[in-house]
1. Looking at the range 374-415, which trypsin sites (Lys or Arg not before Pro) are in a loop (DSSP not H, G, I, E or B) and have at most 12 other Cβ atoms within 10 Å?
2. Hey, for a label at GLN200 modelled as a point 7 Å past Cα toward Cβ, could you say which residues of the range 232-259 have their backbone N under 12 Å away?
3. Using θ = phi - 60° and the Karplus curve 6.51 cos²θ - 1.76 cosθ + 1.60, what whole-Hz ³J(HN,Hα) does each residue of the range 43-60 get, with Gly and Pro shown as x?
4. Provide the per-residue ³J(HN,Hα) series for the range 221-232, in order, calculated from phi with Karplus coefficients 6.51, -1.76, 1.60 and θ = phi - 60°, each as a whole number of Hz, with x at glycine and proline positions.
5. Taking Cα pairs under 8 Å and at least six residues apart, what relative contact order does the chain come out at, in percent?
6. Between LYS392 and LYS322, what length comes free when the chain is fully extended (0.36 nm per residue of separation minus the Cα-Cα distance, one decimal in nm)?
7. Can you list residues whose amide H is under 5 Å from ILE124's amide H, if they're 5+ apart or on another chain and H is modeled 1.01 Å from N?
8. Nearest 0.05, what FRET efficiency do PHE296 and ALA371 give at R0 = 25 Å with Cβ-Cβ as r?
Amino acid sequence: MPTGNPNLPRSIGLGVSGGIAAYKAIEVMRLLQKAGFNVRVAMTKHAAEFVAPLTFRALSGHYVLVDDYDPSNPDPIAHINFSQEIELLLIVPATANIIAKFANGVADDFLTSTYLASTAPVLIAPAMNTTMWDHPATQRNLEKLRSDGVHFVEPVAGELACRTVGTGKLEDVENIAAQALKILGAGASTDAEVPETIEQDLSEESFLITVGGTREAIDPVRFISNRSSGKMGFALAERALARGAEVTVVAGSVSVLPPEGVRLIEALSAEEMFQAVKREFTAASVFVGAAAVADFRPAKSEGNKIKKEGRENLTLELEKTKDILAFVSRNRNPGMIVAGFAAETENLHEFAKAKLEKKDLDLVVANDISAEGVGFDTDTNAATIFVRDRRKGFEVPLMSKQQVADRVLDEIAVLRQNAASAQI
Ligand code: PMT
C-alpha cells in the first residue's frame, strides 16, 4: 500500500509494453509529473527496444525496472516495493500480449509480476493493429480484465503504424493522463488537472440523425408508438458535435432533452419524419437512422375521437410506412455515409446483416433489445457493429450510450478515411 506520507508526492507506476506507441508514454509521464505526481517506470523487454530505459530514467529520476534480476537493479524485492508504493498502475501502451498475460495471471517478468503484486487500481491504454484488437481472444481478455475491475482508455480509430486504418490507435496522451488523474481523484490539485481535448476528427462532416420513436395517430387522442426515449440518438448527436461535426437531428417522440448545439427538427409521425429527412438529407454527409420508426400505421386516422359505445371490439387496419433509411440510402449523393440500427429480439446478427444488405448500408448497429441494460430507455447499450465489406462484426460490450456512440462514430471516421485513401 502507499505510504500515505503527506510530505512525499504520490506515486504512479507507469508500465510500458512493446509497441510503436511506447514513445508516447514519455508524454504521459510528463503530464502526470506536471500534475504533481512521482512517476516510477517499469518496461517490458520489448518496450526497451522501442525506447531506451535511460530516457525514462533521466526524465523520472528513478531506476527503470525491466528485469528485476538484473545485477544493476538496486532493489532486490523491487516488484513488491514498487507495487506497494504506487497508487495507480497505468499501462501505456498495452499490447495484445500484455493484456493476455494480465488476464490470465501470467507473471513472467517485472511488469506482469507487479500487476499481480499490486492492489492499486489499474488503467490500461491499449494500442495495436485492428485485427489483433478485434480478435475474439483479445476481446475475451479485455472482458476478463473489465470484470476484474481494470479500467481502460479505449483505443481510437485512425491510421495505424502498419499503414492500415482502423480501431487500435492509442488514445490522445492528454486524455490518458486525464483519465489517470480522474481515477486518482481529489489528490490531484485542480490547477494541475489536464483539460480534456477531444480530437476533432469529424469536423468535415455534417450529420443528419433520426432520433426517438414515432407516434401514429388512431384518432385525435390515441396513437401507436414505442418505448424509444431518444437517449441513443441524442448520445450520437452529442458525441458527433464534440468531435467537431455539424449535427441536425430529426426527433420524434423523446423523453430526454437534446444536447446543446444541435439543430433540432421535430417530426412526430413516420410520415413527418420522412418528409423532414427528405428535405434535409442532401445537405448531409452522414445519415444515421437511430429512430425507432413505426413500420405500420393506421390506414385511416379518425377525425373525431372513436367512441366505445355500441362496440364490443375495434379492428384497426394498418398500412406500411415509408422506410426512411432505405430511401436515404437509395437516393444519396456520392460519398454520403449511411448508417442504420437494427433493434432485434432474436437472430441478432443474421437479421442485422440482412438489413445491411437489403438497405444497402455502410454500417449497421445491431442491438439485442431483449438483453438487460440494452436498447429502449436505458442509459447503457451493447451492440455488434457490422460494416460493409468487413468479414465480421465488432462487439461493443455494455457501456454508456455515449461510449457506444463514440464506437459507432469511430467506425464512421474509419469509413471516411478509407474512402478518402481509395480516391488518392
Ligand atoms: O431511444 P432509446 O430509448 O435510447 O433506444 C434506442 C433504440 C433501441 C431505439 C436504438 O438503439 C435502435 O435500435 N434504433 C432503431 C430501432 C428500429 O426501428 O430498428 P428496426 O430494426 O426496426 O429498423 C432498422 C432501421 O431502419 C433503423 O435504423 C430505423 O431507424 C430504420 N427505419 C425503420 C423503419 C422505417 N419506416 N424507417 C426507417 O428509417
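1. Counting only loop positions with at most 12 other Cβ atoms within 10 Å, the trypsin sites (Lys or Arg not before Pro) in the range 374-415 are ARG391, LYS392.
2. Flagged as within label range: 242-246.
3. Running phi through 6.51 cos²θ - 1.76 cosθ + 1.60 with θ = phi - 60° gives 10, 7, 4, 5, 4, 5, 7, 8, 9, 6, x, 4, 4, 5, 5, 4, 7, 9 Hz.
4. Karplus values, whole Hz, x for Gly and Pro: 9, 10, 8, 9, 8, 9, 8, 5, 9, x, 4, 5.
5. Normalised by residue count, the contact order of the chain is 11 percent.
6. Gain on extension, LYS392 to LYS322, equals 22.2 nm.
7. Under 5 Å from the amide H of ILE124 lie the amide H atoms of ILE91, HIS151, PHE152, VAL153, each far enough along the sequence or on another chain.
8. 0.50
Bear in mind that the values in this text are calculations on the coordinates, not laboratory data. Bear in mind the structure is a predicted one, so any value in this text is a computation, not a measurement. Methodologically, a virtual Cβ is constructed for each residue, glycine included, from the backbone with ideal geometry; neighbour enumeration extends over all protein chains shown.
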